[in-house]
Amino acid sequence: MEQIQNIYCVGRNYRLHAAELGNDVPTRPMIFDKPTHALAEAVGNEIELPGTRGEVHYEAELVLHIARPYEAGATLGQMVDKIALGIDFTLRDVQSELKKSGHPWLLAKGFKNSAILTPFRAFPGVDVLSSTDFSLLKNGEQVQCGNIGDVIFDMMTIISYIAENFGLDRGDIIYTGTPAGVGPIADGDVMTLVWGEEKWGHFTARMK
Ligand code: ZN
């Protein structure tokens, strides 16, 4: 995998997912990040996840790879050179406790192997992006299906918001939020990330 720089993630970017967790729909993008140590590639391998810290939830997401430093007025096709599918794994019970106490999410979102990525593909263009569904299969059955056309904050709004607040440059990646249907993963579950009809990557979960 090419060297990844910063890993940004968008929370609550799909209305139905915000609702399923009982969260308000945000009025500006909610951004968090993960350490690069969280990265793991889904290439038919086994991936270790925490088995003793409460429920681990999958969140399937479209991931953008940033091509160049942000400039106001740039188009999505100029800013993004590659896309992948990913899973933003979340320790849901830990996150609920952190939310209650008002503490940062890092413990719940930044653990090792919490940022799953399929291999990247060339950016397919805005039209293909918004007309193609992505989905997550758990043991062969679809558990999540999303379309980037359904997000609350569109891709350029997220890109410019991140760039202005935190900086954005080549090699950064953005997890763009998860549609409804998140749920727990168990030892031995096989997770497959699908773009349209194409399987882009899969792995087997090992809970330790
Ligand atoms: Zn997420």
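Give me the percent of accessible area attributable to carbon and sulfur for the chain, probe 1.4 angstrom.
Accessible surface attributable to carbon and sulfur in the chain totals 48 percent.
Normalising by the residue count of the chain, find the relative contact order in percent from Cα pairs under 8 Å and 6+ residues apart. Kindly include the intermediate steps, with their values, before the conclusion.
Details: 495 pairs, mean separation 70.7, N = 208.
Worked out over the chain, it gives 34 percent.
From the phi angles alone, apply the Karplus equation (6.51, -1.76, 1.60; θ = phi - 60°) to segment 77-85 and give each ³J(HN,Hα) in whole Hz, x where the residue is Gly or Pro.
So the Karplus estimates, Gly and Pro as x, are x, 7, 7, 10, 9, 8, 10, 9, 9 Hz.
Under a GNM of the chain (C-alpha, springs under 10 Å), which listed residue has the highest mean-square fluctuation: A74, A40, A84?
Looking only at A74, A40, A84, the largest GNM fluctuation is found for A74.
Of K82/K112; K99/K138; K34/K112; K112/K208, which pairs sit farther than 21 Å apart, going by alpha carbon to alpha carbon?
Values: K82/K112 24 Å; K99/K138 28 Å; K34/K112 10 Å; K112/K208 12 Å.
The pairs that break the limit, which is 21 Å between Cα atoms, are K82/K112; K99/K138.
Around M79, under 14 Å between beta carbons, what's the net of Lys plus Arg minus Asp minus Glu among the other residues? All intermediate terms of the calculation are to be shown ahead of the outcome.
On the way: positive: R68, K82, R170; negative: E71, D81, D154, E164, D169, D172.
Taking every Cβ under 14 Å from that of M79, the sum is -3.
Who wins for biggest fluctuation among P35, P104, P119 in a Gaussian network model of the chain, springs between alpha carbons below 10 Å?
Maximum fluctuation in the GNM of the chain, among the listed residues, is at P104.
Among the GluC sites (Glu not before Pro) in segment 1-92, which ones are in a DSSP loop with at most 16 other Cβ atoms within 10 Å of the Cβ? Mind listing them? All intermediate terms of the calculation are to be shown ahead of the outcome.
On the way: sites: E2, E20, E41, E46, E48, E55, E59, E61, E71; in loops: E2, E55, E59, E71.
Those satisfying the criteria are E2, E55, E71.
Please work out the C-alpha center-to-center distance from segment 1-43 to segment 98-155 and express it in whole Å.
Segment 1-43 and segment 98-155 have Cα centres spaced 7 Å from each other.
For segment 19-27, take each phi angle, set θ = phi - 60°, evaluate the Karplus expression 6.51 cos²θ - 1.76 cosθ + 1.60, and give the result in whole Hz per residue in order, putting x for glycine and proline.
5, 5, 9, x, 9, 5, 6, x, 9
At 222 nm, what helix-only mean residue ellipticity would the chain give, in deg cm²/dmol to the nearest 500, using -39500 (n - 2.57) for each DSSP H run of four or more? The partial results should precede the final answer.
Values: 6 runs with 42 residues, N = 208.
-5000 deg cm²/dmol, from helical runs alone.
Return the long-range amide H neighbours of G51 (sequence gap of 5 or more, or a different chain), with a cut-off of under 5 Å between placed amide H atoms.
When sequence neighbours closer than 5 places are left aside, the close amide H contacts are K208.
Whole-Hz ³J(HN,Hα) for each residue in segment 186-199, computed from phi via Karplus 6.51 cos²θ - 1.76 cosθ + 1.60 with θ = phi - 60°, x for glycine and proline: what do you get?
10, 3, x, 4, 9, 10, 10, 9, 10, 10, x, 9, 8, 7
Over the Cα atoms of the chain, each weighted equally, I'd like the Debye log10 I(q)/I(0) at q = 0.15, 0.16, 0.18 Å⁻¹, rounded to two decimals.
-0.90, -1.05, -1.37
For the chain, modelled as a Gaussian network with Cα springs under 10 Å, which listed residue fluctuates most, R92, R28, R15?
Ranking R92, R28, R15 by mean-square fluctuation puts R28 first.
Amide H to amide H under 5 Å from Q5: which residues, 5+ apart in sequence or cross-chain, H placed 1.01 Å off N in plane?
Placed amide hydrogens put D172, I173 under 5 Å from Q5.
Tell me whether segment 18-71 comes out rounded, prolate or oblate; compute the Cα gyration tensor, take square roots of the eigenvalues as a ≥ b ≥ c, and use a/c under 1.5 as the rounded threshold.
Details: a/c = 2.23, a/b = 1.10, b/c = 2.02.
Verdict is oblate for segment 18-71.
Which whole-number value in Å² is the accessible area per residue of segment 122-208, probe 1.4 Å?
Values: 3770 Å² over 87 residues.
I get 43 Å² per residue for segment 122-208.
The values are calculated or read from the model by the stated rules, or taken from the named source; none is laboratory data. Worth saying up front: this structure is predicted, and the values here are computed from it rather than measured. Glycine gets a Cβ as well: all are built from the backbone with ideal geometry, and neighbour counts include every protein chain shown. Accessible surface areas use protein heavy atoms only, side chains included; no ligands, DNA or RNA. Shrake-Rupley method; radii C 1.70, N 1.55, O 1.52, S 1.80 Å.
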